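Undergrad: Below is the structure I would like to discuss, written out as structure tokens.
Each value in this text was obtained by applying a stated rule to the coordinates, not by laboratory testing. These numbers come from a predicted model, not from an experiment. Here the Cβ positions follow ideal geometry from the backbone for every residue, glycine too, while neighbour counts run over all protein chains shown.
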Amino acid sequence: MTRILIIEDDLTIANFLQTALSRAGYEGTVVRHGSKAVQIADSLQPDLITLDLMLPGLDGIEICKLFRKDPLTAGTPVVMVTAKADDVDRAIGLAAGATDYLTKPFKIRELIKRIEELLHGKRLGIYDE
């Protein structure tokens with residue numbers, strides 16, 4: 001089964017993502033604290049990561065940079081899912097190594113479609129809701 005690591009501190013959003021991804025046929029694992037994200041990713045070796053930017057312990061930008069430096073996660077697609085919708089925030093997220101960037105609120109069908117595309121080796125653009 002395809003493993004997706006969900007790094008999200010908001011429990012409601014994390015549970016929603018985990019449930020929606022499960023219904024779409026993915027195995028979702030939630031991490032709610034930034035400082036644990038890299039360790040869990042290394043042990044889980046997910047096929048894809050969704051990553052919030054504003055997290056306790058370590059923010060999403062720093063986590064993404066660490067993922068890109070880590071041989072175990074360097075090639076793993078990372079979809080930033082965040083409330084930060086400014087163009088500057090998007091540019092910073094992509095420069096940090098994000099594969100895609102989706103702003104909250106988002107439609108779950110769009111996120112799942114992006115995940116499917118990324119898992120099949122396609123790089124998507126950046127879209128607003």
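Undergrad: Which whole-number percent gives the relative contact order of segment 49-109, counting Cα pairs below 8 Å spaced six or more residues apart?
TA: 35 percent
Undergrad: Residues with amide H under 5 Å of M80's amide H, sequence separation 5 or more or different chain, H placed in the peptide plane at 1.01 Å from N; which?
TA: L51, T99, D100, Y101, L102
Undergrad: Another question, then. For segment 82-87, in order, what is each residue's ³J(HN,Hα) by Karplus, 6.51 cos²θ - 1.76 cosθ + 1.60 with θ = phi - 60°, in whole Hz (x at glycine and Pro)?
TA: Per residue, the Karplus-derived 3J(HN,Hα) values read 8, 7, 6, 9, 5, 4 Hz.
Undergrad: Follow-up question, since we're still on this one. Name the most mobile residue of I40, I112, I92, meaning the one with the largest mean-square fluctuation, in a Gaussian network model of the chain with Cα contacts below 10 Å.
TA: Its mean-square fluctuation being the largest, the pick is I92.
Undergrad: Here's a follow-up. Between A85 and D10, how many nm apart are label points set 7 Å from Cα along the C-beta direction?
TA: So the label points at A85 and D10 sit 1.2 nm apart.
Undergrad: Calculated from DSSP H runs of 4 or more alone, at -39500 (n - 2.57) each and per residue, what is the 222 nm mean residue ellipticity of the chain, nearest 500?
TA: -13000 deg cm²/dmol
Undergrad: Assuming a strict under-26 Å limit between Cα atoms, what lysine pair count do you get for the chain once near-sequence pairs (fewer than 8 apart, same chain) are dropped?
TA: For the chain, qualifying lysine pairs total 18.
Undergrad: Let me ask something additional. Given Cα pairs under 8 Å that are at least 6 residues apart, what percent is the relative contact order of the chain?
TA: Averaging sequence separation for qualifying contacts and normalising by length gives 21 percent for the chain.
Undergrad: Each residue of segment 29-42 in order: what ³J(HN,Hα) in whole Hz does its phi give by Karplus 6.51 cos²θ - 1.76 cosθ + 1.60, θ = phi - 60°, with x for Gly and Pro?
TA: Values per residue, Gly and Pro as x: 10, 9, 10, 9, 10, x, 5, 9, 4, 5, 4, 5, 4, 5 Hz.
Undergrad: With only Lys, Arg, Asp and Glu charged, each at its Cβ (+1 for the first two, -1 for the last two), find how big the charge dipole of the chain is about the Cα centre; round to the nearest 20 debye.
TA: I would put it at about 280 debye.
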